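Peer 1: Below you'll find the structure I mean.
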Amino acid sequence: MWDNAAADAERYASLRVAYSERQARTQMADMDINAHNMSRLDVFDRSAVGLALGLIGASGLLLALADTGLPVPRAVFAVLWLALWGVVLAAVLVQPIAIARRGSWHQWWPLMVTLLLFIYAAIRLGGSSFAIDDELTSWNYWAIQHFLSMPTDYAYTQAAYPQLFAEWVGSIYRALGSFDQQATARVTISLATVMLGLLMMRASALAGRYGSWLAALLLLVLWFSGFRLSFMRGLADPLMVVALLASVHYFLEYAAESERPLAFWWCALAAVVASYAKQPALIWGCVVLPVICAWCVWRKGWKPWTFGLALLSAGASAVWPLAIGRGFQNNQGVISRSLGDRELLQQLVHSAHSYLLDRPLVLLLLAASAITCWSKPLLRGIWLLLLLPMLLAWFIWGSYAFRLGMHVVGLAGLLLLHACNRKSVLSDSRQAWSWSSQAARRAYGAQAAMLAVLALTTFGALAVAAKRKLDLEHGTDLTIRHYFEASADTVLAIYRGKQPVWVSSNYLNGIFYGNNPVIVPLYTKDGYSRHRMLKELMNSGAAYAFSAGKVPYGAASAVLLQTAAACPQAFREIVHGRNAFGYKVFKLDVPLLRTGACQS
């Protein structure tokens, strides 16, 4: 009997050991799975902005290829558009888990600021159309041309511009099947605000709670110092700013953690995207990136492939200024608008007064960035080789608008955050994590709350738009009502009737292009005369003629008004100029014009 009891006890002990070993193996497997999942999550968190910029670049590239005659199905553009939304929203929703896992609850501050700025920008962009200045006369005009596979027209700018932003918007139109769906395209543009916030969060991730507070404050300073005016409009500048900052950020991330080569690939890709978004980024993409990378290979022991990739990126970026956009620097309209009649030194003093003394927050940010970066050789090099030349270029050739210097101010802020980092690697990046822990459940609740806020905001915005009777499905209708006010119904009838119109302003050209046959004045060295205008009207069969009001482009509008006053029987005024820009619209009697009644 005692022998049986001893045997049973031995078997029981061995079973307990086996059970404990099996349970330990299961726990280890779960930990391995969790670690693998968190590793992939960390890679996505780091790469989300680069991936989003890659999708934007792919959309623009495919539309450019489609413009050359390559058949690209509409579904491809739709997939890229949806993928972009998916990547950016997933990057936002990943943040509560990343914050909970690292225990860095202070990063909620910049995340909440980012969400608030995004919601504000999305509402403002989605509730309006491409109607203000360059977004109407250039960027959406070019986007429609890309949508229609028409040649890019630089007649109004007198110089080439990088077309990635216009091609991106045009690709959204291709995905939607119409260039009148401006609200959807403009809400998509607001994703640039999210990407800016995510970059600032990543840049401050190693600086502790003070870095997070600084990132939140910095986002607010940037926004209210002038970023909001451009990030709430359909302009290329926000895309260029985000891509440039992303490229520099990924460069510095690779410098801190060279065992993560993916960061440098994103750096090279973002540099190309920035260079094709707007001209200032060419300084980084074509010159500074390969130069500073060569220095890092020489002095810091970087692997040679990084220099090769930087050269490849620079070569891809240089294709635009050397071939596609050759002569872009001869943009006399922008240069003369900036310089006026001032000499170089006077121009620098004028710009410094406008953007440093009159905007003390910008001066404070630049000074703080320079001081904190000076003790760190790599950051100091970027400041001297990139930020300072960009600052001078802005002050000399682009001082007439703050948006032309947003990349300078944003870069100063990004470098400031990187200079505040106290560690080179996230020390808690491999902490144990359980998807069923209390911290994880709080993260899930935060994700649900964020989705609820976004959903309620969307439904609320749509309800307000319906109450105000805003036709969000037809963006041009909003533009026409914005400019023509009480006479909007008359002009909308012309627009919807698709009748030929003769316009004397690039604003009006931007409104009607792609829908109506548009006739624009043909200027020659001899100027513009009544005889030339009448010949254009008769040969084109234009049904209506529009004066330029407060925004004339050349002498054609004045010639139209003089001719209409002298020959009212052929120019019946149907819109009398009591609108935002003083536009007048004339119904033409072309048969009477052909009799020669208005020649003298």
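The values are calculated or read from the model by the stated rules, or taken from the named source; none is laboratory data. As the structure is a prediction and not an experimental result, all values here were calculated from the model. Note that each Cβ is placed from the backbone with ideal geometry, even for glycine, and that neighbours are counted across all protein chains shown. All accessible areas refer to the heavy atoms of the entire protein, side chains included, with ligands and DNA or RNA removed. Shrake-Rupley method; radii C 1.70, N 1.55, O 1.52, S 1.80 Å.
Peer 1: Based on this model, can you work out whether Gly549 counts as over 20 Å from Asp180 (Cβ atoms), touching a residue at least 12 places away in the same chain (Cβ under 8 Å) and surrounded by fewer than 16 Cβ atoms within 10 Å (Cβ to Cβ)? Reasoning before the result, please.
Peer 2: Numbers: over 20 Å from Asp180 (Cβ atoms): yes; touching a residue at least 12 places away in the same chain (Cβ under 8 Å): yes; surrounded by fewer than 16 Cβ atoms within 10 Å (Cβ to Cβ): no.
The answer is no for Gly549.
Peer 1: Yes or no: Phe147 touching a residue at least 40 places away in the same chain (Cβ under 8 Å) and farther than 27 Å from Phe459 by Cβ? Give the steps one after another, and end with the answer.
Peer 2: On the way: touching a residue at least 40 places away in the same chain (Cβ under 8 Å): yes; farther than 27 Å from Phe459 by Cβ: yes.
Yes.
Peer 1: Still on this structure, please answer the following. Which of the residues belonging to region 302-354 are open to solvent by 80 Å² or more (accessible area, probe 1.4 Å), out of contact with any helix residue (DSSP H, G or I) (no Cβ under 8 Å at 6 or more places or on another chain), more than 19 Å from Ile396 (Cβ to Cβ) and in a helix (DSSP H, G or I)?
Peer 2: Trp305, Leu322, Ile324
Peer 1: From Gly103, Gly86, which residue is open to solvent by less than 50 Å² (accessible area, probe 1.4 Å) and free of Cβ contacts under 8 Å to residues at least 12 places away in the same chain? So that I can check it myself, show each step before the final result.
Peer 2: Details: Gly103 fails: free of Cβ contacts under 8 Å to residues at least 12 places away in the same chain.
Result of the check over Gly103, Gly86: Gly86.
Peer 1: Which members of region 281-311 meet the condition of being of a type in the set (A, V, I, L, M) and over 24 Å from the mean Cα position of the chain (by Cα)? Show your work before the answer.
Peer 2: Within region 281-311, the first condition is being of a type in the set (A, V, I, L, M), and the residues that meet it are 281-283, 287-289, 291-292, 294, 297, 309-311.
Hits for region 281-311 are Val291, Ile292, Ala294, Val297, Leu309, Leu311.
Peer 1: Could you tell me which of the residues Ala255, Ala274 is open to solvent by less than 10 Å² (accessible area, probe 1.4 Å) and at negative phi?
Peer 2: Values: Ala255 fails: open to solvent by less than 10 Å² (accessible area, probe 1.4 Å).
Being open to solvent by less than 10 Å² (accessible area, probe 1.4 Å) and at negative phi holds for just one of Ala255, Ala274, which is Ala274.
Peer 1: Report, by residue number, each residue of region 508-529 that is open to solvent by 20 Å² or more (accessible area, probe 1.4 Å), of a type in the set (A, V, I, L, M, F, W, C) and closer than 19 Å to Leu561 by Cβ.
Peer 2: Across region 508-529, the qualifying residues are Ile519, Val520, Leu522.
Peer 1: Report every pair of residues separated by at least 6 positions or lying on different chains whose Cβ atoms are under 7 Å apart, first residue within region 561-581 and free of Cβ contacts under 8 Å to residues at least 24 places away in the same chain, second part of a helix (DSSP H, G or I).
Peer 2: Once the first residue is free of Cβ contacts under 8 Å to residues at least 24 places away in the same chain and sits in region 561-581, its partners that are part of a helix (DSSP H, G or I) give Glu573/Ala564.
Peer 1: Any idea how many residues of region 182-213 are closer than 18 Å to Ala143 by Cα, open to solvent by 10 Å² or more (accessible area, probe 1.4 Å) and of a type in the set (Gly, Ala, Ser)?
Peer 2: Residues meeting the conditions: 1.
Peer 1: Right, next: Within region 439-466, how many residues are closer than 29 Å to Arg101 by Cβ, loosely packed, with under 11 Cβ neighbours inside 10 Å and of a type in the set (Gly, Ala, Ser)?
Peer 2: The number of residues fulfilling the criteria is 2.
Peer 1: Test Leu115 against the criterion of being touching a helix residue (DSSP H, G or I) at 6+ places or on another chain (Cβ under 8 Å), modelled with pLDDT of 95 or more and crowded, with 18+ Cβ neighbours inside 10 Å, and give yes or no.
Peer 2: Yes: the conditions hold for Leu115.
Peer 1: From Leu588, Leu537, Leu592, grab the single residue that is touching a residue at least 12 places away in the same chain (Cβ under 8 Å) and open to solvent by 20 Å² or more (accessible area, probe 1.4 Å).
Peer 2: Leu592
Peer 1: Please name all residue pairs, on different chains or six or more residues apart, with Cβ atoms under 7 Å, provided the first residue is in region 224-235 and is open to solvent by 70 Å² or more (accessible area, probe 1.4 Å) and the second residue is at pLDDT below 95.
Peer 2: Leu229/Arg403; Arg233/Ile132; Arg233/Glu135
Peer 1: Could you check Gln158 against (1) among the polar types (S, T, N, Q); (2) surrounded by 24 or more Cβ atoms within 10 Å (Cβ to Cβ); (3) on the phi > 0 side of the Ramachandran plot and say which number it fails?
Peer 2: Gln158 satisfies all of (1) among the polar types (S, T, N, Q); (2) surrounded by 24 or more Cβ atoms within 10 Å (Cβ to Cβ); (3) on the phi > 0 side of the Ramachandran plot except (2).
Peer 1: I'm told Gln95 meets every condition in (1) in contact with a Leu (Cβ under 6 Å, 6 or more places away or on another chain); (2) at pLDDT 95 or above; (3) crowded, with 21+ Cβ neighbours inside 10 Å except one. Can you identify the failing condition by its number?
Peer 2: Among (1) in contact with a Leu (Cβ under 6 Å, 6 or more places away or on another chain); (2) at pLDDT 95 or above; (3) crowded, with 21+ Cβ neighbours inside 10 Å, Gln95 violates only (2).
Peer 1: Let me ask you something else. Could you tell me how many of the residues in region 236-256 are under 23 Å from Gln182 (Cα atoms) and modelled with pLDDT under 95?
Peer 2: Result for region 236-256: 0.
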